[in-house]
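Enquirer: Dropping a structure here in structure tokens format, bear with me for questions.
Read-outs: derived from the displayed coordinates by stated rules, not from any lab. All values reported here derive from a predicted model rather than from experimental measurement. Quick reminder, even Gly has a Cβ in these numbers, built from the backbone with ideal geometry, and neighbours come from all protein chains shown.
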Amino acid sequence: MATLELSIRDEVTAAPSRRKRKLGLLFWIASGWLVIILTLAILAPVLPLQNPVDMDMLERRAAFSSEHWLGTDGLGRDELARLIFGARASLTVGLIAPMIGLTIGGAFGLLAGYFRGRFETLVVGSMDVLLAFPPLIFALAVTAYLGQSIPNLTLILGVLGIPAFMRVARAATLTLARREFVIAAEALGASHARILLRELLPNVILPLLAFFLLGVAVTIVVEGALSFLGLGVPPPMASWGSMIGEGRDSLDVAPRLAFLPAAGLFLTVLAFNLVGDTLRALTDPRQGAL
Amino acid sequence: MLNFVVRRLLAMLPVLLAVSLLTFLIASLLPGDLALVILGDQATPENVAALRRDMGLDQPLWWRYLSWLGHVLQGDLGRSFRTGQTVLQAVAERIPVSLQLMLMAEFIGLLIGVPVAIACAARAGGAFDRFMTGSAFAMLSMPSFLVAILLIYLFAVELHWLPATGYVPFTEQPLANLRFFVLPALTLALAEWPGIMRVLRSDMIATLQEDYIALAKAKGLKPSRILFVHALKPSSLTLVTVTGINIGRLLGGTLIVESIFALPGIGRLLVAAIYTRDLVILQGVVLLVACGFVIVNFIVDMLYAVLDPRIRHGHA
Amino acid sequence: MSAPLLTIADVAVELPTPRGSLRAVDHVDLSLEAGRTLGIVGESGCGKTMLSRAVLQLLPKRAKLTGRVMFDGQDLAQLAPERLRRLRGRDLAVVFQDPMTSLNPVLTIGTQLMETIQEHLELDAPEARKRSIELLAAVGIPAPDQRLAQYPHQCSGGMRQRIAIAIALSCEPKLLIADEPTTALDVTIQAQILDLLAREQRRRHMAMILITHDLGVVAGRADEVAVMYAGRVVERAPTQALFKRMHMPYTEALLAAIPKLDAAPHTPLPAISGRPPDPTRPLRGCSFAPRCRYAASDCHHAKPALTSAEIPGHLYACFHPIQMTERVGA
């Protein structure tokens, strides 16, 4: 489901020890998949792939062959190349946008949780306003004004992620600010900057990084949804979402054109969720895992 | 109780005001000249300047916001320069479709999520619980447009059981209307139930550890009564919250689902407005949706109070 | 004399924990006749609550119960779930420690009372309502008919415990288990609740197990007292006999821990030093030996068995029982 409504999940587990071991195996499979996808996406321009936007009207929806390993799409473009370049587009937006949220949201959350008072009220209040807009609708509306391009898309999805990161950082800071090591630093006369950067940040960054991976998953989904509607990554550039959208018209004759990018998207989102959720459980300050 | 309602209502006002300001700023500050968009690329600079004067675009920003807000408060959200329809007309026409879709989706989502959650909580850690928890996790990674494609492929393309796209009003052909709504509603519901199930499950597991559940067992009540009355009722508070949060997700979801299944709802209106660069409709719909979202959250809060006697009597 | 209403024979409860199996109840034998009161006394963590949960068959899911719990001629541990359910609430009732958590916060008091009555007594709603009002009046709640529509959070703690007692009494049970019924309450209310329990017990001729950490509570109210330590019964005697002449150093220490009204001001309260042993690592010798001021070397090498004292029915598990009759506080 496309949304930026990321919530901290409180899972009650009946058999924690068994669950942990099981997640361990899945965790490594998921990480392996992410490494493969990331490598392919980064190396896409130097891999011996065909040009993903070269059309061949004589070879439309061609079947698997030695020339086109995964066949061609509705405009005769090489499916394998489009899949890999699509991963490049989806991952670019998916990784950079949450970094914006992580940096800005994390900083605001840290400051709000440490200084409290009016500043906190103001920050939390403005985030509530941002949250009043259903994220997908907000993203669509702003894209309409800004125009379709990868940097614009990244910027919008990044801004949308700020409230969620702010909440995580603030919650973590609130818990940590009461711990002995912070109180001790204050008693020793450490400056605010020193406490924030040396004592709090290294501890808040861990839950934030775990949350970052979940943010990547959500961003990839939203980017996919926008591109699917033709309002995300501008054509003819490939993105998994736009490939699914294009493949939808030929579901009856060549369902693989929709299902191949769909599988790629699903597995990647699932992998980010799995890795992120495992790390979140490990770094949750409330469980004293730090 | 009345005191509580008034307090919450007052807290809502600044949020609504900020929402209106943000909506206005998005439309006004971002690059792109509205007059130029309306007149198209062939417009002469004189024509553009004239239209800008007509629309008040040459006024200072704060003045434009206040006059826009004044109109909005009088129910005047503007008029589409493509169709001539007012925003309110356009929205009123399409709201029944979106509401029907959201209600059906939430209903199916609850129909799947609640029984699964109860069954999982009753035997937490068992085979069924682990299977469903895993499935729910996987489903959370499944975007709705992906689910839609799968459902269309299965039920429309392969099995020919249901239509992939189309719409007739319920008042004209109720059965055909429902057939058109099955796949879109199911698409949204399949994305909804994992969230419902996960929250209710962990809440039920926590509730089942409570002393009063032990006492209910010691009272010799039937297991079904313990599960559905003693455990589900306190846990249903969370369910209401989740349902409320889901409205926002559902609104985003309807956008995609209405586009895929060609249902003439609010989401489709919005997407169409973007395709045709109908900025007045876009601004008006975004404002209405955001305000509606804030109000729905307020109603969820109220419902929470009705359900929990402790809040109702001001003890919590 | 007729067969006892409740016989606990060789009951042991093991709980799996991350650090290994924990023996919460260690081969306990007890019995209780109809209409009589048994007090079970011990520090928190001594297994008294687990023992009561074993009788009620309300142990945590992963707990392992061995031994027999014979109630009214049937072994509760072997009973089919449906027959057990019909027994609970009707013949076997319980009052839990904390009335703030033992009543369902989102159901009215009327619902919580009437559901038990209707479940077991085949009464229709108006009759169940009438009986509920009578019960609330019997446990000393003013304006009982108005209370029925209220929620637990609208009542005080003492009031809630009275309601919990009314629920327990609603089907005239043969046995009532009161698990620290006054621990969570105000001191001023404790005596009222205990007297209410004693009065209703006599009136309804039911048997009662009164669980407490306070020897003073059972003093005037129980017919027999069992003192538990580290999952075992370490001393058992008719109440009179016990207070006249206790043999276990642990019982003596428990008695000394009761604050006395007639003590001089600022007298330090004698507490039992040390902590109960780690139940996951059972000691070879007497479990109380590390804290016992009478302990000798043999206490650390073997567990003393329950042996009879001179008075019939008085049992104790100690190698070096206290011999003197004049004890602190006696």
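Enquirer: What is the mean number of Cβ atoms from other protein chains located within 10 Å of the Cβ atom of each residue in peptide B:160-167, rounded to a whole number?
Expert: 0
Enquirer: Mind listing the long-range amide H neighbours of C:Thr307? Cut-off is under 5 Å, sequence gap 5 or more, other chains count too, H placed in the peptide plane at 1.01 Å from N.
Expert: Sorted by chain and number, the residues that satisfy this are C:Tyr316, C:Ala317, C:Cys318.
Enquirer: Order A:80-91, B:285-296, C:308-319 from most to least packed using the mean count of other Cβ atoms within 10 Å.
Expert: Descending mean neighbour count gives A:80-91, B:285-296, C:308-319.
Enquirer: Find the Rg to Rh ratio for the range A:117-264, where Rh is the Kirkwood radius over alpha-carbon pairs and Rg uses the same atoms.
Expert: 1.15
Enquirer: What value does the range A:87-135 have for Rg/Rh, both radii from Cα atoms and Rh as Kirkwood defines it?
Expert: 1.12
Enquirer: Now, a different point. How tilted is helix B:279-307 with respect to the longest principal axis of chain B? Cα atoms for both, answer in degrees (0 to 90, nearest 10).
Expert: Here the helix axis deviates by roughly 30 degrees.
Enquirer: Once the convex hull of the alpha carbons of chain C is built, what does its volume come to per residue, in cubic angstrom?
Expert: So the per-residue hull volume is 153 Å³.
Enquirer: Can you tell me the dipole magnitude for the protein assembly as shown around its Cα centre, using point charges on the Cβ only (Lys, Arg +1; Asp, Glu -1), in Debye to the nearest 20?
Expert: The dipole magnitude comes to about 2060 debye.
Enquirer: Here is a further query. Taking only the alpha carbons of the range A:188-262, what extent do you get along each of the three principal axes, in Å, biggest first?
Expert: Principal-axis extents of the range A:188-262 (Cα, largest first): 72, 20, 14 Å.
Enquirer: Right, another one. Quick test of the membrane-span-like rule: which DSSP H helices of chain A reach at least 20 Å along their long axis (C-alpha atoms) with mean Kyte hydropathy at least -0.5?
Expert: Those that pass (Cα extent of 20 Å or more, hydropathy at least -0.5) are A:16-43, A:79-100, A:117-131, A:150-177, A:201-228, A:256-283.
Enquirer: Oh, and also: Rounded to the nearest whole Å³, what is the per residue volume of the convex hull around the Cα atoms of the protein assembly as shown?
Expert: Output value, Cα hull per residue: 241 Å³.
Enquirer: Starting from the Cα coordinates of the range C:38-122, work out the convex hull volume and express it per residue in Å³.
Expert: Per-residue hull volume (Cα only) is 144 Å³.
Enquirer: Of B:Lys219/C:Lys64; C:Lys64/C:Lys303; B:Lys233/C:Lys64; B:Lys217/C:Lys64; B:Lys219/C:Lys48; B:Lys233/C:Lys61, which ones are farther than 29 Å apart at the Cα?
Expert: Too far apart for the 29 Å limit: B:Lys233/C:Lys64.
Enquirer: Ignoring everything except DSSP H segments at least 4 long, calculate the 222 nm mean residue ellipticity for the protein assembly as shown; use -39,500 (n - 2.57) per segment, divide by total residues, nearest 500.
Expert: Using -39500 (n - 2.57) per qualifying helix, the result is -18000 deg cm²/dmol.
Enquirer: Still on this structure, please answer the following. Dimensions of the range B:117-276 along principal axes (Cα, Å, largest first)?
Expert: So the extents along the principal axes, rounded to whole Å, are 63, 30, 29.
Enquirer: A further question on this structure: Rounded to two decimals, what is the ratio between the C-alpha radius of gyration of the range B:1-155 and 2.2 N^0.38 Å?
Expert: 1.63
Enquirer: Considering only the other residues whose Cβ falls under 9 Å of the Cβ of B:Gly267, what net charge follows from Lys and Arg at +1 and Asp and Glu at -1?
Expert: So the environment of B:Gly267 carries a net charge of +1.
Enquirer: Once the cut-off is 17 Å, how many percent of the Cα-Cα pairs in the range B:79-133 end up in the long-distance tail?
Expert: 61 percent
Enquirer: Still on this structure, please answer the following. Run the dipole for chain A about the Cα centre, Lys and Arg Cβ at +1, Asp and Glu Cβ at -1, nothing else charged, and hand back the magnitude in debye, nearest 20.
Expert: Using only the charged Cβ atoms, the result is roughly 1140 debye.
Enquirer: May I pose another question? Can you give me the Kirkwood hydrodynamic radius for the range A:100-202, using every pair of distinct Cα atoms, in Å to one decimal?
Expert: Evaluated on the range A:100-202, it is 14.9 Å.
Enquirer: Using the Cα centre as the reference, give the magnitude of the dipole from point charges on the C-beta atoms of the range B:123-212 (Lys, Arg: +1; Asp, Glu: -1; all else neutral), rounded to the nearest 20 debye.
Expert: 200 debye
Enquirer: Here's something else I'd like to know. Explain nothing, just compute: Karplus ³J(HN,Hα) = 6.51 cos²θ - 1.76 cosθ + 1.60, θ = phi - 60°, for every residue of the range B:134-147 in order, whole Hz, x for Gly and Pro.
Expert: x, 4, 4, 4, 5, 5, 5, 8, 9, x, 5, 5, 6, 4
Enquirer: Place +1 on the Cβ of every Lys and Arg and -1 on the Cβ of every Asp and Glu in the protein assembly as shown, take the dipole about the Cα centre, and give the residue among A:Ala89, A:Pro151, C:Ala219 whose Cα lies farthest towards its positive end.
Expert: The one lying farthest along the dipole's positive direction is C:Ala219.
Enquirer: Can you give the direction-averaged projected area of the convex hull of the alpha-carbon atoms in chain B, in nm²?
Expert: For the Cα atoms of chain B, the hull's average projected area reads 21.6 nm².
Enquirer: Rounded to whole Å and ordered largest first, report the semi-axes of the equivalent ellipsoid of the range C:85-144 derived from its Cα gyration tensor (root of 5λ).
Expert: Equivalent ellipsoid of the range C:85-144: 18, 17, 12 Å, largest first.
Enquirer: Hey, if you put +1 on the Cβ of every Lys and Arg and -1 on every Asp and Glu Cβ in the protein assembly as shown, which of B:Met302, C:Cys292, A:Ile244 ends up farthest toward the positive end of that dipole?
Expert: Final value for the positive-end residue is C:Cys292.
Enquirer: Shifting gears a bit: What is the average number of partner chain Cβ atoms found within 10 Å of a Cβ in A:124-133?
Expert: 6
Enquirer: Along each of its three principal axes, how wide is the spread of alpha-carbon positions in the range B:196-316, in whole angstrom units, largest first?
Expert: For the range B:196-316, the Cα extents along the three principal axes come out at 66, 34, 17 Å.
Enquirer: Percentage of Cα-Cα pair distances in chain A greater than 32 Å, rounded to whole percent?
Expert: Tail of the P(r) past 32 Å holds 35 percent of the pairs.
Enquirer: What is the mean number of Cβ atoms from other protein chains located within 10 Å of the Cβ atom of each residue in peptide B:278-286, rounded to a whole number?
Expert: Counting Cβ atoms of other protein chains within 10 Å of each residue's Cβ and averaging gives 2.
Enquirer: Considering the options B:Tyr212, C:Leu76, B:Pro169, tell which one lies farthest towards the positive end of the dipole of the protein assembly as shown, charges being +1 on Lys and Arg and -1 on Asp and Glu at the Cβ, about the Cα centre.
Expert: Value computed over the given set: C:Leu76.
Enquirer: How large is Rg over Rh for the range C:101-212, taking Rg from the Cα atoms and Rh as the Kirkwood inverse mean of 1/r across Cα pairs?
Expert: Here the Rg-to-Rh quotient is 0.94.
Enquirer: Please give the peptides C:166-179, B:211-224, A:157-170 ranked by average Cβ packing (other Cβ atoms within 10 Å per residue), highest first, as a rough proxy for protection.
Expert: Going by the mean number of other Cβ atoms within 10 Å, highest first, we get A:157-170, C:166-179, B:211-224.
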